[in-house]
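Contents: one structure, followed by commentary.
The values are calculated or read from the model by the stated rules, or taken from the named source; none is laboratory data. Quick caveat: nothing in here was measured; it's all calculated off a predicted structure. Note that each Cβ is placed from the backbone with ideal geometry, even for glycine, and that neighbours are counted across all protein chains shown. Just the protein is used for accessible areas: all its heavy atoms, side chains included, with ligands, DNA and RNA removed. Shrake-Rupley method; radii C 1.70, N 1.55, O 1.52, S 1.80 Å.
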Amino acid sequence: MENRSKAAHSFLLKQSKANQHIALNKLLKSIDTTSLNRKDNKQAFYLFLIKTIVSQQVSTSAAKTIWNKLENILETKEDNVSIKDLRSAGISKTKAGYILEIIRNKSLRKETPQSLQKYSPSDLSDLLIQIKGIGPWTIGIVRMFYINDEDVWLEGDLGINKSINIFLPKISHKEIEMIYTPYRTFLSLCLWRGLDSN
């Protein structure tokens with residue numbers, strides 16, 4: 001994984017220099033290589049989905065606080081979790097409904113990073129999009145951080161789009177695809193880090 005991270009970083013540096021993406025090149029030079037290897041993909045897939053839903057449209061610190069409370073509830077109550085339990089962790093009524101549906105979906109418990117890697121992107125999308133609360137952004141996060149797909153681009157992500165305005169101004173998503181494939185997941189990680197540092 002470390003070698004892949006180095007290869008991706010080297011590629012991004014080369015492409016940003018060749019295409020005169022000066023602000024991005026400067027950012028890449030200022031940060032270490034980024035890795036897709038996270039402890040999240042060691043947990044059960046349904047828990048990863050729940051954690052991802054918790055993080056939707058809230059700050060990182062708020063998501064962490066809510067998840068810490070929720071994780072304790074899930075460990076204690078297991079399959080006997082109620083909407084009231086979920087709400088007590090600070091989760092909205094809508095998200096609580098989504099999470100309860102995931103908990104009750106037994107087929108999700110069988111999935112692992114290895115089994116999900118066998119799906120094509122479109123088949124993975126078909127599998128997950130039918131679950132309430134899961135849309136293209138969540139599916140992209142699954143591909144990035146649960147199955148370590150190296151070329152995922154979250155076009156609708158607010159943070160990515162803000163960062164593009166800083167580090168890749170006047171560049172279209174199509175141009176980004178042409179220039180930075182097959183390492184757009186790594187590019188996304190760098191852009192998020194750049195936004196945090198600004």
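Observations, loosely collected:
- Volume per residue for the range 1-55 equals 109 cubic angstrom (convex hull of Cα atoms).
- Peptides 183-189, 128-134 ordered by average Cβ neighbours within 10 Å, highest first: 183-189, 128-134
- Each Lys or Arg adds one and each Asp or Glu subtracts one; over the other residues with Cβ under 14 Å from the Cβ of LEU195, this totals 0.
- Phi to ³J(HN,Hα) by Karplus 6.51 cos²θ - 1.76 cosθ + 1.60 over the range 149-158, Hz, x for Gly, Pro: 6, 7, 10, 10, 10, 8, 4, x, 6, 4
- Neighbourhood charge, 13 Å Cβ-Cβ cut-off, centred on ILE179 and excluding it, Lys, Arg +1 and Asp, Glu -1: +1
- Probing with 1.4 Å while keeping every protein chain in the model, the per residue accessible area of the chain equals 55 Å².
- For the peptides 115-127, 65-77, the ranking by mean Cβ contacts within 10 Å, running from highest to lowest, is 65-77, 115-127.
- Within straight-line cross-link reach of LYS174, lysines at Cα separation under 28 Å, skipping those fewer than 8 residues along the same chain: LYS6, LYS14, LYS17, LYS26, LYS29, LYS118, LYS162
- About the centre of its Cα atoms, the chain shows a dipole size close to 320 debye [charges on the beta carbon of Lys, Arg (+1) and Asp, Glu (-1) only; nearest 20 debye].
- Calculated FRET efficiency for the pair LEU13/ASN37, C-beta based, R₀ 22 Å, to 0.05: 0.60
- Ranking ILE134, VAL152, THR65 by how far each Cα lies toward the positive end of the dipole of the chain (charges on Cβ) leaves THR65 at the top.
- Computed extension length for GLU78-SER122: 12.7 nm, one decimal, from 0.36 nm per residue of separation with the Cα-Cα distance subtracted.
- Estimated translational D of the range 34-105 in µm²/s (Stokes, Kirkwood radius over Cα pairs; 4 °C; 1.567 mPa s): 104
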